[in-house]
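S.K.: Take this structure first; my questions come after.
The values are calculated or read from the model by the stated rules, or taken from the named source; none is laboratory data. Here the structure is a predicted model, which is why all the values come from computation and not from measurement. Ideal geometry is used to build each Cβ from the backbone, glycine not excepted, and the neighbour counts take in all protein chains shown. When the accessible area is computed, the model is the full protein with side chains, heavy atoms only, and any ligands, DNA or RNA have been set aside. Shrake-Rupley method; radii C 1.70, N 1.55, O 1.52, S 1.80 Å.
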Amino acid sequence: MEGPATAGSSLTGLPAAVAQWAQLINRARLQRLDPDKFAVFSRILFVKHPLPPAIVAELLLRPTPDNTVALDPRVPQYLSHLIKQKRVDTASVLRVLFKYSTIHTKIHPQSEDQPSKEGDAGAPPRKKLVRWTSSYSSEAILFWRLAQTVNQGIGIRCGRDVVETSKVLVRWMTLFTEAAAVFSQDAFGSMHSLNAKLEMERSRESFIMFLNAFSANPLVPKTFRIPAAKAIRKRLSQAFEAFLPSIMQVNPAIASQLEMFRTQTLATHDPTEKKNAAVSDMNSYMDNMMGLESFQVPEIPVVNTRAGLYIYISAALVGRPAIDDVALFTYLHNRYRGDIQQAAVQLILASFDVLANAVFRNEGAKAGHLLKSFVVNKVPLVLVSLAQSSPMYTFNPEICITEALGQVDTNVFPTFSGMFDMSSNTGSSFQDSVRQDFCFACQLHGLLSQTAIENLLGDITYQTLPDEGRYVKDILVQSCLQDSDRTQKLIGELDNMNGNVGAAAQAVVEVIGSLCKNRETMALKQLCSQLASKPLSLDILLLFSPAQKILHPLRELIDHWGGYDEEQGEYQPVYEEFGSILLLLMAFVYRYNLSPADLGVRSQDSFVGKLIGGGHTVRLLGDLSPQEQSHLSGWIQGLFAEGGLGDELMASCPPQDFYLLMPVLFSQISVALSAGFLNEETLKSGLEYLVEVFLLPSLVPAILYLSNQLWAEGAEGQRSIMKILQLLIRPNSISNEASAMFQSVLNIVAKPLEHALRSYQRSDPKSQEVEPLLRAIKENLTVSRRTGGADHAELESWTTTHGNHTPGNHGNNTTLPGSLPGPGRQPAQHLDGGISAAVRHTIQSLVNWVQQAPLNGNSMPTAYTHRQTLAALKLLGAKQLLTVLVDELKTLTESGQGSVAYDVVTSLICAPDVTNDTSLASSNPPNDETATDAFSAPPPPIQRRLTLREVLKHEADDWKKMQKAGPMMAETVVRLYRQVEAQMEIPQTPVAGLLGQPDMVGGLGVVGGDALDNAMAAAAAAQGVVGDNVGVGNVNVEGMTIDTSGLGGVDNHDGVDLGSAAGSAIGGPGGDLDGDNIFGGLPTLVGADFDSAGFGGWGDMDLS
């Protein structure tokens, strides 16, 4: 087998071999020999005249008498063949390139290679070394080709190659460092010098690419672990330390990777020397003494752009509604520094922008229903709270609304007459009446007069205020407790767009909580069934009430479901009541991908915890208790034997045990069907029981189990599962009452079932069984999940985005194609491609939109979905995503767009992350019976991912090290960190400063929870404040959420009485604030196993 020649190969014939190779190379160059033919000739010549790689590289790459300008274009092609044949190696090529590089002539015009002077007596005459006149472009090409060979595994083949290449790299980095210093001193030199500098920088860019490929090669760290490599490792580390500052501003992304290589691969193998211990300790002490506050950063004026609040609200509504009122008011207060007039204008404008974005992204009426309700029903309540705040602020709601609506695009949100304009081409109509609905909702709450509405809409409208006037929550609750039909009517009104939905939603939540507390299960059954059949109404409930206020009572009732009464006559009603209530809880859990911890589960014995955490996974028969085995046998006999289901079976098996047996039951059914012990007719008659109302909710864990098994079973098992699914999803007969509940079940299981069916369809394309099932659940798919997860088409679009060279993008950051990941790097994503490039493009679009908006602000928002940011967080991690954000921010700042870019990036970091939020799990109801007592072990801490804000704080705390590597990057990170913390800071007097005087706060009703009190207590404890009560002034603050009980609106100056039909007067403090802990941790990480959404994290990311 041929291989590279050694230095001692045919020494006696070395001059002849050199002559033969020189002749071949010269003739090939002069005759423009084809590279493939050159490869053939070189192979033949090497057999007769082998030469060491260094000599071959010298003959090929040195200047010739007839050409001293630049390398012949054919030579790199010849070189590629020689590298593949192992005739030359990477180190020899780099060594020859270094020897004849033009850069030497720029650094040392009077070279030491010149002939010796006359005064040097006794010194032998030395021939002048002829270097290339302009080798920059040739070097750039060869550096790039060498990088490709390293990535392909042929440029670095063994440890010797690593050591020899490292020796030459030290010389090259020193040369480039000296060249950068020389050119920087000649800043006002001639045009010739300027051109030479630019050409040198192009050569250096390719050299940087080679360095990056070299550092990512897996042989490099292995070689440097050898003690014999200590000397070259130290020299290479020192060369990197001197070289990297010169490229930090040019290519910060790769420079940071090389710095990581230096510190984690090179420096970590060097033992700490004792003589440097004292110096190191002193440096560490000085770094600790110089805190972050001592770092003086030049100020950049940051403006509150239209994009900032647009991003925040988009993030809060992208999945489960996360409009925490405490966080929202705090954010508005900090962002606009108490200017509530400006805060109100921007809130209205951002709310319309978010809805307009949904219209033009064609997200549909069902997806836009929550956004529309937020604009019409939620925003007026926020404005009322702002209007009732401290009189030290000047606030005129009518002026704010007029100013904001003047900037809303009338093409998307037309006036009354524009609604009948057939030329509108938005392709949607659900948003047409939003402007009008919003104005009348504001009038309902006393924010606008009738005259102002006519001026805003430009016409006399036929719409009027609701006949029942403005709802008051407390009155509604009393009415509902006296008349259960009133609650059902309110649930039907949750779809309205009239300004009364907030009070209705809070009243429904209060009534459900009261019924749970009093265990009035018969009345609760009707409400739960009605709500479970309306997934969009669940969004509306969470828009106005904290999730735990409805979830915790339901979970506690189900977990502590009482046994049967001694005089119990029928057991089906108990199953029916239990199933209806559980169905609503499962509708919340699976729609928003909630975990048992989110429901307040703290006990391992919790039925809800078992069902949600693993109720769709099968257990082995041997793991069942004798009682469970008895129940399983009873249900199999009851479903498929001639006797049918009887009261004795349900009397002996509580509904909790039945639901936990569903995976095992259907596992046995599937096995029996596959083995021929169960025929299709018997199967059909048995499954018909499960579509009866009293057992129908049990199909949720059953179908989730079958969906999971459809991925894992073999062909025979899959056919059995498909037969079962056909009978369950498309029953032959079902009652009207059961039909409505059956649709609720399909809403829950549609998404994971679709994934499983499509996977089965790909494995068996000829199957005719899949399409009918997919058609049966088609309508349910649109309401099955709202988690903030991206769908397959979005992910594919983002991850295949290519970086470009437009302003704000960084073509010089592009990682080499096929490059291997280095230590600590993500292999699948590059800083200038994939989802990183998509995030960069989004930031640029937001910045450009703000800068290019017309003076009157009447422009469409740029397309944006916070699902992209959430996907980037999962794919890249918070640390790498922050690197992308900061790098793009730095580039935009250098291009003069910093004041806008800082606001955009700050908003992305401050935006709520509903997929990483443990606020539900961190807030327990005070009377939770499952909570641990004083003698039991505390619950395990909630696991969550690092947030962008936490990673940013860590980076900012390390500013001293960052400043040494790159002062500009350190300034960018610290400036961004301070901007983020300023917007997320908890005000010292949040209520008195934002929502009114202390006496007004004292009159606020409490909706539930003491989150703000906890948050303030935690903040006080961090500052050394100890006490039982933490309040504002002399008033103890119990909570902060907009409460519509007694929300009196704002008195307008036209004397219009907008009280409720019940005769409630205008006035009252209003603006009652209560909510969950806004500064809690963030949710449990979703693993690779089956999760609560069915399989592999469906709830987090839709991969359809």
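S.K.: Which of the numbered conditions does residue 366 fail, given that it passes all the others? Conditions: (1) closer than 19 Å to residue 543 by Cβ; (2) open to solvent by 20 Å² or more (accessible area, probe 1.4 Å); (3) out of contact with any Ser or Thr (no Cβ under 8 Å at 6 or more places or on another chain); (4) not small (Gly, Ala, Ser).
M.R.: (3)
S.K.: In region 318-370, what residues are among the charged types (D, E, K, R), over 28 Å from residue 591 (Cα atoms) and either touching a residue at least 12 places away in the same chain (Cβ under 8 Å) or assigned to a helix (DSSP H, G or I) (or both)?
M.R.: 335, 339
S.K.: Now a separate question. Out of (1) at pLDDT below 95; (2) aliphatic (A, V, I, L, M); (3) part of a helix (DSSP H, G or I); (4) under 44 Å from the mean Cα position of the chain (by Cα), the odd one out for residue 618 is which?
M.R.: (3)
S.K.: Give region 834-891 a look and list any residue that's touching an Asp or Glu at 6+ places or on another chain (Cβ under 7 Å) and under 16 Å from residue 903 (Cβ atoms), or say none.
M.R.: 843, 861
S.K.: Which number in (1) crowded, with 21+ Cβ neighbours inside 10 Å; (2) touching a Phe, Trp or Tyr at 6+ places or on another chain (Cβ under 6 Å); (3) more than 29 Å from residue 883 (Cβ to Cβ) marks the one condition that residue 138 misses?
M.R.: Against the list (1) crowded, with 21+ Cβ neighbours inside 10 Å; (2) touching a Phe, Trp or Tyr at 6+ places or on another chain (Cβ under 6 Å); (3) more than 29 Å from residue 883 (Cβ to Cβ), residue 138 comes up short only on (2).
S.K.: Just the residues that are over 23 Å from residue 183 (Cβ atoms) and of a type in the set (S, T, N, Q), please, taken from region 213-259.
M.R.: Within region 213-259, 215, 217, 223, 237, 256, 257 meet the criteria.
S.K.: Related question: For region 438-482, what are the residues that are outside any helix (DSSP H, G or I), in contact (Cβ under 8 Å) with a residue 60 or more places away in the chain and surrounded by fewer than 21 Cβ atoms within 10 Å (Cβ to Cβ)?
M.R.: Answer for region 438-482, where residues must be outside any helix (DSSP H, G or I), in contact (Cβ under 8 Å) with a residue 60 or more places away in the chain and surrounded by fewer than 21 Cβ atoms within 10 Å (Cβ to Cβ): 449, 465, 467, 468, 469.
S.K.: Also, I was wondering about something else. For region 68-113, how many residues are within 21 Å of residue 147 (Cα to Cα) and in a helix (DSSP H, G or I)?
M.R.: Matching residues across region 68-113 total 21.
S.K.: Also, quick follow-up: On the basis of being modelled with pLDDT of 90 or more, closer than 20 Å to residue 706 by Cα and in contact with a Phe, Trp or Tyr (Cβ under 7 Å, 6 or more places away or on another chain), does residue 611 make the cut?
M.R.: Yes; evaluated as a whole, the condition is true for this residue.
S.K.: State which residue is modelled with the highest pLDDT when the search covers only region 736-759 and only residues that are over 15 Å from residue 703 (Cβ atoms) and open to solvent by 60 Å² or more (accessible area, probe 1.4 Å).
M.R.: Taking the candidates together, the pick is 758.
S.K.: Return yes or no: is residue 340 β-branched (Val, Ile, Thr), under 21 Å from residue 984 (Cβ atoms) and open to solvent by 10 Å² or more (accessible area, probe 1.4 Å)?
M.R.: No.
S.K.: Taking the residues in region 621-648 that are closer than 24 Å to residue 704 by Cβ and among the aliphatic types (A, V, I, L, M) as candidates, determine which candidate is farthest from the chain's Cα centre (by Cα).
M.R.: The qualifying residue farthest from the chain's Cα centre (by Cα) is 645.
S.K.: Kindly provide the set of residues from region 54-71 that are of a type in the set (D, E, K, R) and either within 16 Å of residue 20 (Cα to Cα) or touching a residue at least 12 places away in the same chain (Cβ under 8 Å) (or both), ordered by number.
M.R.: 58, 62
S.K.: Now for a different question. Working carefully through the options 731, 697, 752, find the one that is more than 14 Å from residue 662 (Cβ to Cβ) and either polar (S, T, N, Q) or in contact (Cβ under 8 Å) with a residue 60 or more places away in the chain (or both).
M.R.: 752
S.K.: Take residue 786 and decide whether it is among the basic types (Lys, Arg), outside any helix (DSSP H, G or I) and either touching a residue at least 12 places away in the same chain (Cβ under 8 Å) or within 30 Å of residue 872 (Cα to Cα) (or both).
M.R.: Yes, satisfied.
S.K.: For region 222-245, what are the residues that are surrounded by fewer than 19 Cβ atoms within 10 Å (Cβ to Cβ) and either closer than 17 Å to residue 143 by Cβ or not aliphatic (A, V, I, L, M) (or both)?
M.R.: 222, 225, 227, 230, 234, 235, 238, 241, 245
S.K.: OK, next. If you go through region 49-67 one residue at a time, do you hit one that is surrounded by 18 or more Cβ atoms within 10 Å (Cβ to Cβ), farther than 23 Å from residue 145 by Cβ and of a type outside the set (A, V, I, L, M)?
M.R.: Yes, region 49-67 contains a residue that is surrounded by 18 or more Cβ atoms within 10 Å (Cβ to Cβ), farther than 23 Å from residue 145 by Cβ and of a type outside the set (A, V, I, L, M).
S.K.: Out of all the residues in region 962-983, which are of a type in the set (A, V, I, L, M) and open to solvent by less than 40 Å² (accessible area, probe 1.4 Å)?
M.R.: The answer is 962, 965, 970, 973, 974, 976, 980.
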